[in-house]
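The values are calculated or read from the model by the stated rules, or taken from the named source; none is laboratory data. Values in this document were obtained by computation on a predicted structure and should not be read as measured data. Please note: Cβ atoms are built from the backbone with ideal geometry, for glycine as well, and neighbour counts cover all protein chains shown. To get the accessible areas, we keep the full protein, side chains included, count just its heavy atoms, and leave off ligands, DNA and RNA. Shrake-Rupley method; radii C 1.70, N 1.55, O 1.52, S 1.80 Å.
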Amino acid sequence: MAAEDIIQKSPTASIKPVKYIKEVRKPFSDVEIDAIRSACGTQKERALIEILLSSGIRVSELTDMDVEDIDLVSMTVHVKHGKGGKERITYINPVAAKHLKLYLQERNEDAGALFYNNRHKRLEPGGVRYIINRIANKAGVKDCHPHRFRRTFATNLALRGMDIQEIQRLLGHSNIATTLEYVAINDEKVKASYRKYA
(Lines give C-alpha, C1' and ligand atoms only; values in the text may rest on other atoms or scores of the structure.)
Protein backbone atom coordinates (compact mmCIF):
# COMPACT_ATOMS: atom_id res chain seq x y z
CA MET A 1 0.00 0.00 0.00
CA ALA A 2 2.92 2.31 0.74
CA ALA A 3 4.38 1.54 -2.70
CA GLU A 4 1.04 2.47 -4.30
CA ASP A 5 0.81 5.73 -2.26
CA ILE A 6 -2.37 4.56 -0.55
CA ILE A 7 -0.71 5.09 2.82
CA GLN A 8 2.27 7.34 3.56
CA LYS A 9 4.36 4.89 5.57
CA SER A 10 4.34 1.13 5.97
CA PRO A 11 3.53 0.13 9.56
CA THR A 12 5.87 -2.86 9.16
CA ALA A 13 8.93 -0.76 8.19
CA SER A 14 10.32 -0.70 11.74
CA ILE A 15 9.85 -4.43 12.36
CA LYS A 16 13.16 -6.28 12.28
CA PRO A 17 13.39 -9.50 10.24
CA VAL A 18 12.92 -12.69 12.24
CA LYS A 19 16.22 -14.49 12.77
CA TYR A 20 16.22 -18.20 12.13
CA ILE A 21 18.76 -20.97 12.00
CA LYS A 22 19.13 -22.24 8.47
CA GLU A 23 18.73 -26.01 8.41
CA VAL A 24 21.65 -27.87 6.88
CA ARG A 25 20.18 -30.49 4.59
CA LYS A 26 22.67 -33.32 4.36
CA PRO A 27 23.15 -35.76 1.49
CA PHE A 28 23.25 -39.49 2.14
CA SER A 29 26.55 -40.87 3.43
CA ASP A 30 28.20 -43.81 1.67
CA VAL A 31 27.14 -46.05 4.56
CA GLU A 32 23.50 -44.94 4.21
CA ILE A 33 23.56 -45.54 0.46
CA ASP A 34 24.93 -49.07 0.99
CA ALA A 35 22.21 -49.74 3.56
CA ILE A 36 19.49 -48.49 1.19
CA ARG A 37 20.80 -50.65 -1.65
CA SER A 38 20.97 -53.72 0.59
CA ALA A 39 17.39 -53.13 1.78
CA CYS A 40 15.93 -53.22 -1.74
CA GLY A 41 13.75 -56.32 -1.96
CA THR A 42 12.94 -56.32 -5.69
CA GLN A 43 14.66 -55.42 -8.94
CA LYS A 44 12.10 -52.64 -9.38
CA GLU A 45 13.12 -51.07 -6.05
CA ARG A 46 16.82 -51.31 -6.85
CA ALA A 47 16.33 -49.81 -10.33
CA LEU A 48 14.30 -46.94 -8.86
CA ILE A 49 16.95 -46.19 -6.23
CA GLU A 50 19.81 -46.34 -8.74
CA ILE A 51 18.18 -43.98 -11.24
CA LEU A 52 17.50 -41.43 -8.47
CA LEU A 53 21.10 -41.68 -7.24
CA SER A 54 22.74 -41.42 -10.64
CA SER A 55 20.56 -39.02 -12.64
CA GLY A 56 19.54 -36.27 -10.21
CA ILE A 57 15.98 -36.19 -11.59
CA ARG A 58 13.00 -34.96 -9.59
CA VAL A 59 10.40 -37.47 -8.41
CA SER A 60 7.80 -35.90 -10.75
CA GLU A 61 10.22 -36.32 -13.66
CA LEU A 62 10.76 -39.97 -12.73
CA THR A 63 7.05 -40.78 -12.64
CA ASP A 64 6.50 -38.96 -15.94
CA MET A 65 9.21 -40.99 -17.65
CA ASP A 66 8.57 -43.65 -20.29
CA VAL A 67 10.86 -46.54 -21.21
CA GLU A 68 11.71 -44.82 -24.50
CA ASP A 69 13.09 -41.82 -22.60
CA ILE A 70 16.09 -43.84 -21.42
CA ASP A 71 18.83 -45.10 -23.73
CA LEU A 72 20.62 -47.88 -21.85
CA VAL A 73 23.40 -48.03 -24.46
CA SER A 74 24.43 -44.36 -24.32
CA MET A 75 23.13 -44.15 -20.70
CA THR A 76 21.23 -40.93 -21.42
CA VAL A 77 17.93 -39.81 -19.92
CA HIS A 78 15.56 -37.50 -21.76
CA VAL A 79 13.56 -35.41 -19.28
CA LYS A 80 10.55 -34.29 -21.34
CA HIS A 81 8.66 -32.30 -18.74
CA GLY A 82 11.04 -30.73 -16.24
CA LYS A 83 10.12 -27.93 -13.87
CA GLY A 84 8.73 -24.99 -15.81
CA GLY A 85 8.05 -27.25 -18.79
CA LYS A 86 11.74 -27.38 -19.74
CA GLU A 87 13.34 -30.35 -21.47
CA ARG A 88 16.86 -31.51 -20.72
CA ILE A 89 19.23 -34.44 -21.04
CA THR A 90 20.86 -36.06 -18.04
CA TYR A 91 22.68 -39.33 -17.57
CA ILE A 92 22.82 -42.55 -15.57
CA ASN A 93 25.88 -44.54 -14.56
CA PRO A 94 26.64 -48.18 -15.54
CA VAL A 95 25.26 -49.51 -12.22
CA ALA A 96 21.89 -47.82 -12.82
CA ALA A 97 21.85 -48.98 -16.47
CA LYS A 98 22.49 -52.57 -15.34
CA HIS A 99 19.66 -52.60 -12.80
CA LEU A 100 17.23 -50.83 -15.12
CA LYS A 101 17.95 -53.43 -17.80
CA LEU A 102 17.38 -56.27 -15.33
CA TYR A 103 14.14 -54.67 -14.14
CA LEU A 104 12.82 -54.21 -17.69
CA GLN A 105 13.72 -57.80 -18.58
CA GLU A 106 11.96 -59.03 -15.45
CA ARG A 107 8.73 -57.17 -16.20
CA ASN A 108 8.97 -58.26 -19.84
CA GLU A 109 7.86 -54.92 -21.34
CA ASP A 110 9.84 -52.49 -23.45
CA ALA A 111 7.26 -49.70 -23.74
CA GLY A 112 4.96 -47.57 -21.62
CA ALA A 113 5.68 -46.00 -18.25
CA LEU A 114 9.12 -46.69 -16.82
CA PHE A 115 7.61 -47.58 -13.43
CA TYR A 116 4.16 -49.01 -12.74
CA ASN A 117 2.39 -49.51 -9.42
CA ASN A 118 0.89 -52.82 -8.31
CA ARG A 119 -2.33 -52.08 -10.25
CA HIS A 120 -0.29 -51.68 -13.44
CA LYS A 121 -0.91 -47.95 -13.60
CA ARG A 122 1.82 -45.32 -13.90
CA LEU A 123 3.59 -44.90 -10.56
CA GLU A 124 2.78 -41.53 -8.98
CA PRO A 125 5.03 -39.38 -6.74
CA GLY A 126 3.20 -40.58 -3.63
CA GLY A 127 3.91 -44.16 -4.66
CA VAL A 128 7.63 -43.41 -5.05
CA ARG A 129 7.70 -41.85 -1.57
CA TYR A 130 5.93 -44.92 -0.15
CA ILE A 131 8.49 -47.28 -1.73
CA ILE A 132 11.41 -45.16 -0.51
CA ASN A 133 10.00 -44.97 3.04
CA ARG A 134 9.55 -48.73 3.13
CA ILE A 135 13.15 -49.31 1.97
CA ALA A 136 14.47 -46.67 4.41
CA ASN A 137 12.65 -48.24 7.38
CA LYS A 138 14.13 -51.61 6.48
CA ALA A 139 17.60 -50.05 6.08
CA GLY A 140 17.35 -48.01 9.30
CA VAL A 141 18.04 -44.75 7.42
CA LYS A 142 16.26 -41.67 8.74
CA ASP A 143 15.08 -38.62 6.80
CA CYS A 144 14.93 -40.56 3.54
CA HIS A 145 12.94 -38.85 0.80
CA PRO A 146 13.27 -38.49 -3.00
CA HIS A 147 14.76 -34.99 -2.90
CA ARG A 148 17.63 -36.17 -0.72
CA PHE A 149 18.76 -38.40 -3.58
CA ARG A 150 18.93 -35.29 -5.78
CA ARG A 151 20.99 -33.47 -3.16
CA THR A 152 23.33 -36.49 -2.86
CA PHE A 153 23.74 -36.59 -6.64
CA ALA A 154 24.75 -32.91 -6.77
CA THR A 155 27.10 -33.11 -3.79
CA ASN A 156 28.90 -36.22 -5.04
CA LEU A 157 29.53 -34.63 -8.45
CA ALA A 158 30.89 -31.48 -6.80
CA LEU A 159 33.16 -33.49 -4.50
CA ARG A 160 34.58 -35.29 -7.54
CA GLY A 161 35.40 -31.97 -9.17
CA MET A 162 32.57 -31.34 -11.63
CA ASP A 163 32.01 -27.70 -12.54
CA ILE A 164 29.03 -26.17 -10.71
CA GLN A 165 27.54 -24.88 -13.99
CA GLU A 166 27.56 -28.42 -15.40
CA ILE A 167 25.80 -29.67 -12.26
CA GLN A 168 23.28 -26.84 -12.67
CA ARG A 169 22.53 -28.03 -16.20
CA LEU A 170 22.06 -31.65 -15.11
CA LEU A 171 19.68 -30.61 -12.32
CA GLY A 172 17.72 -28.31 -14.62
CA HIS A 173 18.09 -25.20 -12.45
CA SER A 174 17.56 -21.75 -13.98
CA ASN A 175 19.52 -20.06 -11.20
CA ILE A 176 22.96 -21.24 -10.11
CA ALA A 177 22.20 -20.06 -6.56
CA THR A 178 19.64 -22.86 -6.33
CA THR A 179 22.30 -25.38 -7.36
CA LEU A 180 24.69 -24.08 -4.71
CA GLU A 181 22.04 -24.75 -2.05
CA TYR A 182 21.99 -28.40 -3.12
CA VAL A 183 25.73 -28.93 -2.82
CA ALA A 184 26.91 -29.79 0.68
CA ILE A 185 30.68 -29.41 0.78
CA ASN A 186 32.14 -30.28 4.16
CA ASP A 187 34.88 -28.32 5.93
CA GLU A 188 37.51 -31.00 5.36
CA LYS A 189 36.99 -30.82 1.59
CA VAL A 190 37.33 -27.02 1.67
CA LYS A 191 40.48 -27.29 3.80
CA ALA A 192 42.03 -29.87 1.45
CA SER A 193 41.23 -27.73 -1.59
CA TYR A 194 42.71 -24.67 0.08
CA ARG A 195 45.96 -26.53 0.82
CA LYS A 196 46.07 -27.68 -2.80
CA TYR A 197 45.51 -24.31 -4.45
CA ALA A 198 46.78 -21.73 -1.89
Exercise. May I ask you to give the solvent-accessible area per residue for the chain, in square angstrom, as obtained with a 1.4 angstrom probe?
Key: 65
Quiz item: Using the alpha-carbon atoms, what tilt in degrees (0 to 90, nearest 10) does helix 94-107 show relative to the longest principal axis of the chain?
Solution: 60
Quiz prompt | Test item: Cα-centred dipole of the chain, Lys/Arg +1 and Asp/Glu -1 on Cβ, debye | solution = 680
Exercise. Any of 83/138; 26/80; 86/142; 80/121; 98/121; 26/142 with alpha carbons more than 22 Å apart? Name them for me.
Key: 83/138; 26/80; 86/142; 98/121
Quiz item: What FRET efficiency comes out for the pair residue 129/residue 160, r = Cβ-Cβ distance, R0 = 30 Å, nearest 0.05?
Solution: 0.60
Quiz item: Quick one, which of (1) 21, 20, 17; (2) 35, 23, 18; (3) 34, 18, 16 is the actual semi-axes √(5λ) of the Cα gyration tensor in Å calculated for this model?
Solution: (2)
Quiz prompt | Protein accessible area in the chain, 1.4 Å probe - carbon and sulfur % | solution = 52
Exercise. Using only the Cα atoms of segment 114-175, build the gyration tensor, take square roots of its eigenvalues as a ≥ b ≥ c, and label the shape rounded, prolate or oblate: rounded if a/c is under 1.5, else prolate if a/b is larger than b/c, else oblate.
Key: oblate
Exercise. Round to the nearest 10 and give me the degree value, 0 to 90, for the angle of helix 125-139's Cα axis relative to the longest principal axis of the chain.
Key: 80
Self-check item: Charge-dipole axis of the chain as Lys and Arg at +1 and Asp and Glu at -1 on Cβ define it, positive-most pick from 56, 17, 6
Solution: 17
Quiz item: Which shape class, rounded, prolate or oblate, goes with segment 40-141 when its Cα gyration tensor gives a ≥ b ≥ c as root eigenvalues, a/c under 1.5 marks rounded, and past that a/b bigger than b/c marks prolate?
Solution: rounded
Quiz item: Could you work out the helix-only [θ] at 222 nm for the chain, with each DSSP H run of four or more residues adding -39,500 (n - 2.57) and the total divided by the number of residues, to the nearest 500 deg cm²/dmol?
Solution: -14500 deg cm²/dmol
Quiz item: Which angle between 0 and 90 degrees, to the nearest 10, do you get for helix 43-55 versus the longest principal axis of the chain when only C-alpha atoms count?
Solution: 40
